[in-house]
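The values are calculated or read from the model by the stated rules, or taken from the named source; none is laboratory data. Quick caveat, the model's predicted, so the values are computed rather than measured. Ideal geometry is used to build each Cβ from the backbone, glycine not excepted, and the neighbour counts take in all protein chains shown.
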Amino acid sequence: MTDVVSELLGATSPTITETVTESTPVGEVTPTPAPETVTPETTAETVTDTDYAKAAIEADAILEKLMSRITDPADVAYRKMMLYAPFGTGKTVFCATAPDCLIVRVEPTGTLSLMNHPELKAKTFEYLSVTQLEILLNKMIEKPEAFPFKTLAIDSFSALQKDDLDAIVRAESAKDANRNPFLPTGPDYNVNTEHMRQIGVLLSRLKMHVIVTCHVKETKDDTTGRVLIRPDLTPKLANTLAGQFDVVAYMSRADDGTRKLQTSPTATVLAKTRVGGLPDVIENPTWDNVFNAANANKATPVAATTNA
């Protein structure tokens, strides 16, 4: 009986001991002793003032980290730019004028023009696949201090989208022997557009300047008859990326060799800027004269632009 009661009361209950005494004479009543007061022992789950204090310190540390991420718009020094232009206009050379630039060579011959500009100190990175690029971007987001660059350029995003679309078509064709292995379908384009949108999100999260270059696509507006000048991307992707970047600019080259960068939209040209102070058109653009023009008009300052 004793063992059963002890088990029911638990380890913290007092021990009950049976005592054998001499027989009590008939008629005498032995008084029952008052029950002992059982004080439960403090368990590991008991919350103490010390625990509250520790939790408060941890909460304060979390709050401090969150508040440190809140910045004034004027403190945001990184520019995200989409630059599109015809072949041979100078997109890659413009990228190389940006501060401490790493150019991802999606088009193998795209950086050959830099051989004519030894004064530009940009570095190049050999592109192998979209997966490789995603790994690189995620590492740059995770450990920005490990990458000694101030600018990342993707040259070109048009080629990147096409490479990804080809990979999607190959993968889907491998599943279905009856489909054309060279002809993308509507679902292929949808997957491709979403994938490129996600890469655009990664680029927008980088704590550095970003430039993506695109080729030019001209399409005729059936309603107005105008020839529309757009980045050579699928229409949905072009509009999506335009919303993710601070500046969308079209660069052209005149017969006399003068390059012009257009940052304001017209009836035929897609362009935009969130950077105040940029002129509508900038001649012979470089990174410095584009964003120094904005600075001169009290726009947000950009990070130092001294090339290594």
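Number of residues in the stretch 180-196 that are farther than 11 Å from Lys162 by Cα and assigned to a loop (DSSP other than H, G, I, E, B) equals 5. If you go through the stretch 84-134 and keep only what is more than 23 Å from Asn292 (Cβ to Cβ) and of a type in the set (A, V, I, L, M, F, W, C), you end up with Phe87, Val104, Val106, Leu112, Met115, Phe125, Leu128, Val130, Leu133.
Restricting attention to the stretch 124-153, the residues being part of a loop (DSSP other than H, G, I, E, B) and over 18 Å from Asp164 (Cβ atoms) number 5. Note on the stretch 261-278: among residues that are surrounded by fewer than 18 Cβ atoms within 10 Å (Cβ to Cβ) and without any contact (Cβ under 8 Å) to a residue 40 or more places away in the chain, the one that is farthest from Glu119 (Cα to Cα) is Thr266. Looking for something over 19 Å from the mean Cα position of the chain (by Cα), under 17 Å from Val93 (Cβ atoms) and touching a residue at least 24 places away in the same chain (Cβ under 8 Å) - is there at least one such residue anywhere in the stretch 146-154? No - not one qualifying residue is present in the stretch 146-154. Selection of first residues in the stretch 207-220 that are without any contact (Cβ under 8 Å) to a residue 12 or more places away in the chain and of second residues that are assigned to a strand (DSSP E or B), restricted to Cβ pairs under 6 Å at least 6 apart or on distinct chains, gives the following pairs, ordered by first then second residue: Thr219/Leu228; Lys220/Val227.
Out of the residues in the stretch 77-134 that are touching a helix residue (DSSP H, G or I) at 6+ places or on another chain (Cβ under 9 Å), among the hydrophobic types (A, V, I, L, M, F, W, C) and modelled with pLDDT under 85, which is surrounded by the fewest Cβ atoms within 10 Å (Cβ to Cβ)? Looking at residues that are touching a helix residue (DSSP H, G or I) at 6+ places or on another chain (Cβ under 9 Å), among the hydrophobic types (A, V, I, L, M, F, W, C) and modelled with pLDDT under 85, I get Leu112.
Against the numbered list (1) under 27 Å from Thr92 (Cα atoms); (2) crowded, with 16+ Cβ neighbours inside 10 Å, Asn138 comes up short only at (2).
So, of the residues in the stretch 157-197 that are of a type in the set (S, T, N, Q) and free of Cβ contacts under 8 Å to residues at least 40 places away in the same chain, which turns out to be surrounded by the fewest Cβ atoms within 10 Å (Cβ to Cβ)?
By that ranking, first place goes to Asn178.
Name the residue that is surrounded by the most Cβ atoms within 10 Å (Cβ to Cβ), counting only residues in the stretch 200-250 that are of a type in the set (A, V, I, L, M) and part of a helix (DSSP H, G or I). Only one residue fits best here, namely Leu241.
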